Amino acid sequence: MARDDSNQAAATDAPVRAGPAIDVQQVWYEIHRGPAWKSMALVAVDGGPPPATLAQSFGVLATEEKLRRILVVNASTQQSRATTVKAPEAERLWQDLARGGCTAVTPIDDHVDYLQLSRYDQSHAARLLVTAPQALAELTRGAPGYDGVIFAIDSLLVHPGATQLARAVERVVLCIRLGSTSLAAARQVTEVIGAEKIVGSIALRPGA
């Protein structure tokens with residue numbers, strides 16, 4: 001299991017544009033040594049914020065050779081502020097992303113885009129979360145869309161709406177917060193997702 005004790009910054013609404021830290025790179029390479037993947041989820045074990053910053057760093061590392069396009073999705077539907085962004089139909093949004101014609105994403109660099117579900121009202125964001133598993137195959141079909149997608153997911157113990165998405169992706173990495181995440185909680189999340197899906201775990205500093 002991979003482990004990272006770094007002082008990783010807390011996830012924010014804004015996409016990360018700086019290069020990933022050395023320790024994050026080491027964790028990524030350890031996890032990435034397995035078979036090729038098209039979909040991955042980073043799942044917070046406890047009730048803290050989803051690991052969106054780490055997911056963005058992984059997206060940048062996944063495109064190092066500039067041969068892939070990656071979509072990073074902050075799949076939290078919990079809104080920290082009011083939003084007035086009008087959401088399209090969920091199925092249409094995923095289709096637009098697959099066709100490379102979606103204006104809802106924010107570029108992190110030329111090969112990585114970022115989408116935050118909580119930019120929409122909670123009912124639309126929840127619908128996007130529910131329909132995401134069915135959209136995976138089309139979404140990761142390659143040009144003009146994406147070659148891979150990485151989701152940052154809330155704790156399934158607190159927000160179970162993302163359970164089907166966590167089960168649908170090819171790989172799952174558990175994100176454990178030092179000093180707050182219990183072994184019992186990690187075991188519960190593992191049971192909910194299925195141990196065969198989980199390829200590693202990452203320890204984050206408190207508050208990350």
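No value in this document is a laboratory result; all are computed from the given coordinates. The structure displayed is predicted, hence computed values, not measured ones. Positions of Cβ are backbone-derived with ideal geometry, glycine not excepted, and every protein chain shown enters the neighbour counts.
So the values come out like this:
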{"item": "Shape metrics for the stretch 102-201, restricted to C-alpha atoms - Rg then Dmax, Å", "result": "14.8, 43"}
{"item": "Cβ-defined net charge surrounding GLY142, 11 Å radius [Lys, Arg +1; Asp, Glu -1]", "result": "+2"}
{"item": "Taking all pairs of distinct alpha-carbon atoms in the stretch 22-204, Kirkwood radius in angstrom", "result": "16.3 Å"}
{"item": "Order of SER76, SER182 - criterion: other Cβ atoms within 10 Å of each residue's Cβ, fewest first", "result": "SER182, SER76"}
